[in-house]
Amino acid sequence: NRRVRTRDLIAAKERGERWPMLTSYDQYTAGIFDEAGIPVLLVGDSAANNVYGYESTVSVSQDELLPLVRAVVRSTRRALVVGDLPFGSYEEGPAQALRTAVRFMKEGGCHAVKLEGGRRVAPQIAALTSAGIPVMAHIGFTPQSEHALGGFRVQGRGDAAEDVVEDAHAVAAAGAFAVVLEMVPGEVAKRITHELHIPTIGIGAGADTDAQVMVWQDMAGFRTGRAPRFVKRYADMAGVLAEATRAYADEVRSGVFPAQEHTFD
Ligand code: KIV
Ligand code: NA
């Protein structure tokens, strides 16, 4: 019943076992996902959209993410909790990255950090790794660079495949224990997965990565309307919660709730 370790994930790859990863930002979901056996939880900077209501991940700060990291760590016993370093907190170089990552490990209590980028952040990954901080890399489509990448689009099609493959090798060589591949063609993700000794975690990267990650509200059907192609809804939480809310509101308005049983003598 101990915490999952990064070496467990590498061992799973060697055994050919796939594993699921989800985001989490709060106590209840963290506890449920932990009990359900999700081995890795990411307190993503996607909290920008999914908790704070920003339009972009670019807006969220360390001070906004750290309390969520603490909540998820406190609410889990088994999962390895990864804290996502927000935009602007590591790009300046290894020294800035180390300051931020130390804060996430100390104040957030997480067990690893994640940052976006391939070759360009290899020095940061190497610095954190040699300071004893496990790093999950994130390449392909990297939401924090949305504006530079020209919007939400698949990365690594055609000739650009070599770029993504080189990024993958660079982050592995710098010491990352795993790498997220976001929105890259399935064949490119498959090749990277075969070439790297560390686990690949796909989101919109096909079926051949070692692991999969999804934003939990997408997985649970909280978000209504058009979703990206890589989202599958496993429940209709938006519908369930809307129905419960309407029932509660109706009963308050009609006087059905609270009843005698909910009332102190
Ligand atoms: O912030 C996030 O949710 C992520 C995952 C989708 C990988 O970075
Ligand atoms: Na993220």
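The values are calculated or read from the model by the stated rules, or taken from the named source; none is laboratory data. All of these numbers come straight from a predicted model, not from anything done at the bench. Every residue, glycine as well, gets a Cβ built from its backbone with ideal geometry; the counts of neighbours run over all protein chains shown.
Observations on the model:
- Inspection of segment 3-23 identifies no residue that is within 12 Å of ligand 1 (Cβ to nearest atom) and of a type in the set (D, E, K, R).
- Filter result for Gln155 (assigned to a strand (DSSP E or B) and either within 16 Å of ligand 1 (Cβ to nearest atom) or within 19 Å of Leu115 (Cβ to Cβ) (or both)): no
- Among residues of segment 1-31, those that are among the small types (Gly, Ala, Ser), in contact (Cβ under 8 Å) with a residue 40 or more places away in the chain and not in a helix (DSSP H, G or I), counted: 1
- Only one of Arg229, Arg246, Arg253 that is charged (D, E, K, R), out of contact with any Ser or Thr (no Cβ under 9 Å at 6 or more places or on another chain) and assigned by TED's automatic domain parsing to the domain that holds Arg15: Arg229
Quick grid of which residues meet (1) charged (D, E, K, R); (2) more than 13 Å from ligand 2 (Cβ to nearest atom):
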| residue | (1), (2) |
| --- | --- |
| Ile10 | no, yes |
| Glu14 | yes, yes |
| Pro20 | no, yes |
| Leu42 | no, no |
| Asp63 | yes, yes |
| Leu68 | no, no |
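- Test: residue in segment 201-220 that is more than 16 Å from ligand 2 (Cβ to nearest atom) and touching a strand residue (DSSP E or B) at 6+ places or on another chain (Cβ under 6 Å): yes
- Ala48 satisfies every condition listed in (1) within 26 Å of Gly132 (Cβ to Cβ); (2) within 15 Å of ligand 1 (Cβ to nearest atom); (3) surrounded by 18 or more Cβ atoms within 10 Å (Cβ to Cβ) except (1).
- Residues in segment 128-166 that are under 17 Å from Ala178 (Cβ atoms) and over 20 Å from the mean Cα position of the chain (by Cα): 2 in all.
- Residue ranges of strands (runs of 3 or more DSSP E) in segment 32-150 with at least 3 members in contact (Cβ under 8 Å) with a residue 60 or more places away in the chain: 40-43
- Matching option when the condition is in contact (Cβ under 8 Å) with a residue 12 or more places away in the chain and more than 22 Å from Glu116 (Cβ to Cβ), among Gly206, Gly221, Gly202: Gly221
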